[in-house]
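J.: What follows is a structure written as structure tokens; I'll ask about it next.
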Amino acid sequence: MKVYLDYQAAKPVDTRVVDAMVPYFNDKFANPASLHKPGDNATEILQDSRKIIADFINAPQPSSIVFTSGATESNNLALIGAALKNERKGNHIIISEIEHISIRNISKYLERNGFKVSRIPVDQYGMVKLEKLKHLITDETILISISTASNEVGTLQPIKEISDIALDHQILFHTDALASESVIPIDVQKTPIDLITLSSNDIYGPKGVGALYLKKGVRVNPIIIGGGQEKGMRSGSENISGIVGFSKAAEIMKNEMEDEAQYLERLRDRLIKGVLESIPNSYLNGHPTKRLPNNAHFRFDYIEGESLILSLKDQNIAAATGSACSSKTLEPSHTLIAMGLLHEEAHGSLLFSLGRYTKENEIEKTLEVLPDIVKRLRLLSPLTSQELLNYYKEIEKTNYGG
Ligand code: PMP
């Protein structure tokens with residue numbers, strides 16, 4: 001039996017989405033810029049899709065949606081575009097210490113180009129410290145960018161409060177909503193965020209397509225210049241099949257999110273309880289309650305996450321140590337270090353992320369094999385404490401009547 005618990009890294013495309021996309025590859029393939037009838041039809045489907053994505057976040061104007069090639073591009077457009085547009089007002093940007101690598105690297109790029117970037121620290125649960133945020137704001141601050149939730153430890157950020165602070169100070173607020181968009185609704189009429197990064201694959205649509213939402217009146221400079229598509233905000237022929245898939249995925253997600261999130265939360269809680277009860281010296285990373293319904297992030301004393309992943313792989317279980325985009329580096333997770341964990345603690349981490357197709361028996365299989373894997377690795381590790389080794393010996397005796 002195969003177990004896939006790495007939905008944070010990649011989600012399958014819903015078959016209903018695939019069916020909706022198929023005609024747009026070789027039947028309805030026209031370019032919306034063309035003046036003929038098939039071109040008009042392409043323009044119409046582009047408008048319909050834009051409206052569906054706007055509805056997904058309860059945005060009143062479809063024109064507030066700019067289609068992009070995905071979250072990385074949307075983050076670039078939001079940060080670099082807002083920085084360039086507002087450089088006369090100020091040159092200071094605030095992000096959190098635990099942003100996704102795309103935001104972190106864009107910020108470094110901006111620093112190399114004359115902007116100042118401050119990084120708000122987080123508490124032990126990975127929650128940004130609002131007091132510190134207020135403290136960091138200066139007359140030069142033009143943008144705050146904080147993700148809705150940590151894609152690693154699953155902690156939900158106080159987005160409404162951050163949005164209020166930004167509004168009070170007349171500073172733009174951008175949020176990367178990727179980690180939460182499949183499980184937590186966004187309503188821009190309740191929380192007036194200025195810029196939101198959205199992605200198709202994170203709601204079971206195709207990869208390589210996404211959007212940036214811009215609140216009415218918010219302007220950023222384009223970063224991809226060319227034929228002037230997307231009202232000049234993002235040049236390049238529109239990826240119509242991808243956009244159709246993205247909008248179909250959003251339509252399905254909007255209808256099914258509530259039930260799906262409840263289902264995932266139940267499975268997540270079973271997994272968390274099972275792991276913490278059956279494995280000594282295991283801990284949940286991130287906030288115990290204010291966390292994504294599909295995220296269970298653990299750490300285990302005395303072992304390395306990578307060894308766990310490889311042992312789980314042998315059992316046909318797919319999991320991760322943290323963010324997929326940073327998985328090839330040997331550095332410990334910047335998120336866990338920012339939360340105050342020691343390097344060796346950060347290395348012993350394991351992320352299970354659940355999704356639409358996760359079955360109860362996948363959770364049960366994981367709970368069946370994980371304690372033995374952890375025990376085997378600990379028995380091999382020179383770091384394991386004598387106390388824990390004695391505990392395992394006692395368990396063996398009880399199990400085998402020795
Ligand atoms: N932001 C977050 C929070 C992510 O998890 C990811 C990766 N899925 C990205 C941005 C970048 O997404 P993409 O690689 O699709 O551009």
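J.: In terms of Cα to Cα distance under 24 Å, which lysines are near enough to Lys2, apart from those fewer than 8 places away along the same chain?
T.: Of all the lysines, those that pass the test against Lys2 - Cα under 24 Å, at least 8 places apart if same chain - are Lys11, Lys207, Lys273, Lys313, Lys328, Lys359, Lys365, Lys375.
J.: Taking the Cβ of Ala211 as the center, what net charge do the other residues with Cβ under 13 Å away carry, scoring Lys and Arg +1 and Asp and Glu -1?
T.: -4
J.: Which of the three applies to the stretch 15-254, rounded, prolate or oblate, going by the alpha-carbon gyration tensor with a ≥ b ≥ c and a/c under 1.5 meaning rounded?
T.: prolate
J.: Could you give the length gained by full extension between Tyr357 and His36, i.e. 0.36 nm per residue of separation minus their alpha carbon distance, to one decimal place?
T.: So the extension gain works out to 111.4 nm.
J.: Sorted from fewest to most neighbouring beta carbons within 10 Å, what does the list Met1, Met257, Met21 look like?
T.: With the fewest neighbours first, Met1, Met257, Met21 line up as Met1, Met257, Met21.
J.: What net charge is computed for the residues neighbouring Ser282, neighbours being all others with C-beta under 13 Å from the C-beta of Ser282, Lys and Arg scored +1, Asp and Glu -1?
T.: Residues close to Ser282 contribute a combined charge of +1.
J.: Please give the FRET efficiency for Leu379 paired with Lys290, using the beta carbon to beta carbon distance and R0 = 35 Å, rounded to the nearest 0.05.
T.: The value I calculate is 0.45.
J.: Another one. Angle, helix 37-56 long axis vs. longest principal axis of the chain, Cα atoms, 0 to 90°, nearest 10?
T.: Result, in degrees: 50.
J.: Taking 22 Å as R0, compute the FRET efficiency from the Cβ-Cβ separation of His343 and Gln386 and round it to 0.05.
T.: So, using R0 = 22 Å, E works out to roughly 0.45.
J.: For the pair Lys397 and Asn58, what calculated FRET efficiency results from E = 1/(1 + (r/R0)^6), where r is the Cβ-Cβ distance and R0 = 56 Å, to the nearest 0.05?
T.: 0.40
J.: While we're looking at this one, here's another question. For the stretch 49-114, just say rounded, prolate or oblate: build the C-alpha gyration tensor, square-root its eigenvalues into a ≥ b ≥ c, call rounded for a/c under 1.5, and beyond that prolate if a/b exceeds b/c, oblate if not.
T.: prolate
J.: How far apart, in nm, are two points set 7 Å out from the Cα along the Cα-to-Cβ line at Lys108 and at Asp48?
T.: 4.4
J.: Please return the longest range in the chain lying between exposed loop sites, taking GluC sites (Glu not before Pro), DSSP loop only, at most 15 other beta-carbon atoms within 10 Å, and leaving the sites out.
T.: 141-402
J.: From the square roots a ≥ b ≥ c of the eigenvalues of the alpha-carbon gyration tensor of the stretch 257-399, which class results: rounded (a/c under 1.5), prolate (a/b over b/c), or oblate?
T.: oblate
J.: Tell me, what does the Kirkwood hydrodynamic radius of the chain come to in angstroms if you use every pair of distinct C-alpha atoms?
T.: After inverting the mean inverse Cα-Cα distance, the result is 22.4 Å.
Laboratory data are not the source of any read-out in this text; all were calculated from the coordinates shown. Predicted model only: the values in this text are computed from it and were never measured. Note that we place each Cβ from the backbone using ideal geometry, even for glycine, and neighbour counts take in every protein chain shown.
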